[in-house]
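Written below as structure tokens is the structure these notes are about.
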């Protein structure tokens, strides 16, 4: 009777170890990438808001102090005021006037010179000259479109602000309804605008919405036909995109000395 001789198969242990190391390295890379992405998301959605709101609240207080008023409470959801890590932005306490009582003298670029308040959405924020990202919008400010009217003046006082991240001042302007108040405070005057119309979506290049008599070029049936004193609020839509613009318009209904 023949005996079968067992055959022992030697596996390639080196190859197996190399494969395990490769899988382990790949897993580490995936985990590291996930952590980095989470940190980036946290930075954009939380830290930029906290930092911008704190800086904006500090600027509002600086304006109020310059006007001789008590510092206001921070707007809803904002962090407690603290001095920004970078140098404080330029703040103007002046208020140029025209014959009708409106502010017409344009401040320096990126200079904060007014305070906007929208009770419906709990917003209090500084208004600064220009709409640059680094100099104005990313600081949590509301930016004034250069070339448009100043507060209270005839024409269109046109503003822009972020809807998401960096303080997101205009995140909830879609909740504004006809009759809501928008106040703009300068050193000498408090201007009250009353919300009148909303354009839920238009193209990013629709310059008609910030014209002296605001009227959409994309949707020409939305807007105004007569001269007046208007305010325009613009921001990106849908949320977390910059594809379209959301627009809210109001008319000047009151102007009172401080």
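Readers should treat all values here as calculations from the given coordinates under stated rules, not as data from a laboratory. Just so we're clear, the structure is a prediction, and the values are computed from it rather than from any experiment. Here Cβ is always computed from backbone atoms with ideal geometry, including for glycine, and neighbour counts include all displayed protein chains.
If you take the square roots of the eigenvalues of the alpha-carbon gyration tensor of region 118-179 and sort them as a ≥ b ≥ c, do you get rounded (a/c under 1.5), prolate (a/b over b/c) or oblate? Because a/c hits 1.5 or more and a/b fails to exceed b/c, region 118-179 counts as oblate.
If you wrap the tightest convex hull around every Cα atom of region 126-233 and split its volume per residue, you get 104 Å³. Applying 1/(1 + (r/R0)^6) with r as the Cβ-Cβ distance of residue 256 and residue 47 and R0 = 35 angstrom yields a FRET efficiency of 0.35.
Starting from the Cα gyration tensor of region 183-242, take the square roots of the eigenvalues, sort them a ≥ b ≥ c, and report rounded, prolate or oblate (rounded when a/c is under 1.5, otherwise prolate if a/b is larger than b/c, else oblate). Oblate shape, in that a/c is at least 1.5 and b/c is the bigger or equal ratio.
The gain in end-to-end length when the residue 67 to residue 106 segment is fully stretched comes to 12.2 nm, 0.36 nm per residue minus the alpha carbon separation. Here residue 181 and residue 225 are evaluated by their C-beta separation; at R0 = 25 Å the FRET efficiency comes out at 0.55. Label-point separation (nm) for residue 213 and residue 188, each offset 7 Å from Cα along Cα-to-Cβ? Modelled inter-label distance: 2.9 nm. Estimated from the Cβ-Cβ distance and a Förster radius of 41 angstrom, the FRET efficiency linking residue 172 and residue 17 is about 0.10.
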